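The structure appears below as structure tokens.
The values are calculated or read from the model by the stated rules, or taken from the named source; none is laboratory data. Just so we're clear, the structure is a prediction, and the values are computed from it rather than from any experiment. Cβ coordinates were reconstructed from backbone atoms using ideal geometry, including for glycine residues, and neighbour counts include every protein chain displayed. Please note that ligands, DNA and RNA were not included when accessible areas were found on the heavy atoms of the full protein model with its side chains. Shrake-Rupley method; radii C 1.70, N 1.55, O 1.52, S 1.80 Å.
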Amino acid sequence: IEIYSLHVDCKVTSRFAHTVITSKIVNQANESREATFEVELPKTAFITNFSMSIDGKVYPGIIKEKASAQKEYDTAVSRGQSAGLVKIMDRKLEQFHVSVSVAAASKVTFELMYEELLKRQLGKFELLIKVRPKQLVKHFQIDVHVFEPQGISFLEANSTFMTNELTEALTKVQSETKAHILFKPTIDQQKINPELDETLLDGDFVVRYDVKRGATAGDIQIINGYFVHYFAPHEMPVFPKNVIFVIDRSGSMGGRKIEQTRDALHRILQDLRPEDHFGFITFNNKVVEWKSSLLQATAENVASAAGFVQTLSARGGTDINHALLTAVNLLDKAEGLPERSVSMIILLTDGQPTSGETNVEVIQENIKKAVNGKYSLFCLGFGFDVGYKFLEKMALSNGGIARRIYETADAALQLQGFYEEVATPILMKIEMQYPENAIEGLTKNNFKLFFEGSEIIVSGKIKNDLDVLPVEIKAQSHASDLTLKEEAHVKEKEQVFKNQSYIFGNFIERLWAYLTIQQLLEKSISAQEEDQKALEAQALELSLQYNFVTSLTSMVVTKPAGEQQTELANKPTEAG
């Protein structure tokens, strides 16, 4: 079985990335063989299309509601469930895997299409393409086009497998608003050494970039009646933070996990700013406060905390409820904190609650009542024994986010990286206001916090024949209350995209649908049951309308007669 062509074609238009992967395979043997198509794609992406064509006959993947697809599948496969076509690979990627039997001397072409909105983190966007052909490929290429009307401020392309020879296969052409990256290694350039038919291409191919930002109230783009508004202020004073680290030291955290936690906390302590205040609570079945009040992050206090962190050891049960309530209480009774400051609780745990209150619903209720919107709660779940759904719901109900920390060698860096993302809040209570009568289907437009290096994105449909779209942003910065105003001339904005050959015309509409689905699903996690149903119904309708494989839809892949005929591609979620 020979892969004679593998093309990755990616178009990024104003952060929205549309990727098509095409693999052409021929069976050189004189009997039928299994051909496999395996692609790793970002977890944040939605698959939107898949097809196989075998000797000219096309077998498309059809996206349906998950429950009805499952029913159809179960009927077709009475001999029980085969694993779906998509599974989580690691922290960033999931894998799509399908194989089909190919007759002697026959050819098959696989094509997979997915879309995602690139998220700005720590000052840059990252487009990740996983490369793992597992054999030398005659026609191999990665072709990336970027178009950013705001202008590209910097752009780099590199990979984890680059050699001097492979660098020669990489070209990058860049103008003010566009970039084209082409990576097209010959068979010889792909080889680990000239004697062996082994490929060097195994790893990540990454394009990182950022855009220029002029206008204070962000940048508005409009096409075919849909708008997107990007807002990422910079060079603003940072709010002092009051942060409490709530650290699980139950028995299961023993060994490498507690070492990595100590290592990460050690580095995080060095990153605290002098005006920040901080505290530590550690817990197993008992809850221990390092100090009875928050301390300012002076050199002396940080050194003392570093000494304490070194002594962390792991044994006993897990009382998450009492630990978090203690943290909330510590913030509630804190005195002498800076007037304009941001308070947050960062929980790190690797297990289910086993001591004290163990009913997760009661814990969620208790914490929500205690926090009462005053603070942000971030939940980090270490490994795969955590109740991730429980942590996610708790974080989203209290103005934060949850993240899984993978038990790999870089766990300490994952922890530190998460902290860096939330370390520099520069705005709070951000409201993005648009004329109510002129906009419908508006995505989330008020945000609790804005962190330096990230980006706020709001999208919606413009009703009627609006000539000018006025925007007002209200927010609190460390120095003052802000009101920023901007107006976008609809016709003028639409011109920007008119003559761009490689732009798919409805990309802002698809971006709007992608963002809306993501937000509806996120909202449903912390919603009451009856609201949950309504949110999911809305997300399902959009997933079907725009052909996205989301957690509510499945793609039914039908194969030629004689094989197991139907297989399902479902989107795996972090909560499993």
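For Ser355, state whether it is farther than 24 Å from Ile268 by Cα, surrounded by 18 or more Cβ atoms within 10 Å (Cβ to Cβ) and either under 22 Å from the mean Cα position of the chain (by Cα) or in contact (Cβ under 8 Å) with a residue 12 or more places away in the chain (or both). Criteria met by Ser355. Looking at the structure I just gave you, is Ile508 touching a Leu at 6+ places or on another chain (Cβ under 7 Å) and hydrophobic (A, V, I, L, M, F, W, C)? Taking the combined requirement at face value, the residue does not satisfy it. Within the bounds of region 184-195, is there any residue that is exposed (fewer than 14 other Cβ atoms within 10 Å of the Cβ) and within 24 Å of Ala45 (Cα to Cα)? No, every residue in region 184-195 fails to be exposed (fewer than 14 other Cβ atoms within 10 Å of the Cβ) and within 24 Å of Ala45 (Cα to Cα).
Meeting the requirement of 2 or more residues that are within 30 Å of Leu325 (Cβ to Cβ) and not small (Gly, Ala, Ser), the helices (runs of 4 or more DSSP H) wholly within region 386-505 are 388-397, 411-422.
Please go through region 123-151 and give me each residue that is surrounded by fewer than 19 Cβ atoms within 10 Å (Cβ to Cβ) and either outside the structural domain of Val39 (by the TED database) or in a strand (DSSP E or B) (or both), ordered by number. Those that are surrounded by fewer than 19 Cβ atoms within 10 Å (Cβ to Cβ) and either outside the structural domain of Val39 (by the TED database) or in a strand (DSSP E or B) (or both): Lys124, Glu126, His139, Gln141, Asp143. If you go through region 480-493 and keep only what is closer than 12 Å to Leu427 by Cβ and open to solvent by less than 80 Å² (accessible area, probe 1.4 Å), you end up with Ser480, Leu482, Leu484.
One line per residue, one yes/no per condition, for (1) open to solvent by 10 Å² or more (accessible area, probe 1.4 Å); (2) in the same structural domain as Arg256 (by the TED database); (3) closer than 17 Å to Ile525 by Cα; (4) modelled with pLDDT of 95 or more:
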{"position": "Gly336", "(1), (2), (3), (4)": "yes, yes, no, no"}
{"position": "Ser341", "(1), (2), (3), (4)": "yes, yes, no, yes"}
{"position": "Leu347", "(1), (2), (3), (4)": "no, yes, no, yes"}
{"position": "Gln364", "(1), (2), (3), (4)": "yes, yes, yes, yes"}
{"position": "Leu377", "(1), (2), (3), (4)": "no, yes, yes, yes"}
{"position": "Gly383", "(1), (2), (3), (4)": "no, yes, no, no"}
{"position": "Tyr388", "(1), (2), (3), (4)": "yes, yes, yes, no"}
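Which of the residues belonging to region 4-15 are buried (at least 21 other Cβ atoms within 10 Å of the Cβ) and either more than 16 Å from Lys134 (Cβ to Cβ) or not assigned by the TED database to the domain that holds Thr186 (or both)? Answer for region 4-15, where residues must be buried (at least 21 other Cβ atoms within 10 Å of the Cβ) and either more than 16 Å from Lys134 (Cβ to Cβ) or not assigned by the TED database to the domain that holds Thr186 (or both): Val12, Thr13, Ser14, Arg15. For region 16-41, a residue qualifies if it is closer than 24 Å to Leu540 by Cα and either open to solvent by 10 Å² or more (accessible area, probe 1.4 Å) or not in a strand (DSSP E or B) (or both), and the qualifying residues are His18, Val20.
Results for (1) farther than 17 Å from Arg91 by Cα; (2) touching a Gly at 6+ places or on another chain (Cβ under 8 Å); (3) charged (D, E, K, R), shown as yes or no for each residue.
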residue	(1), (2), (3)
Thr354	yes, yes, no
Lys368	yes, no, yes
Phe390	yes, no, no
Ala402	no, yes, no
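Among the residues making up region 547-563, those that are within 20 Å of Tyr59 (Cα to Cα), of a type outside the set (A, V, I, L, M) and in a loop (DSSP other than H, G, I, E, B) are Asn547, Phe548, Lys559, Pro560, Gly562, Glu563.
Listed conditions (1) free of Cβ contacts under 8 Å to residues at least 24 places away in the same chain; (2) part of a helix (DSSP H, G or I); (3) surrounded by 15 or more Cβ atoms within 10 Å (Cβ to Cβ) are all met by Gln532, apart from (3). Here Val471 qualifies as crowded, with 19+ Cβ neighbours inside 10 Å, more than 23 Å from the chain's Cα centre (by Cα) and closer than 30 Å to Ser343 by Cα.
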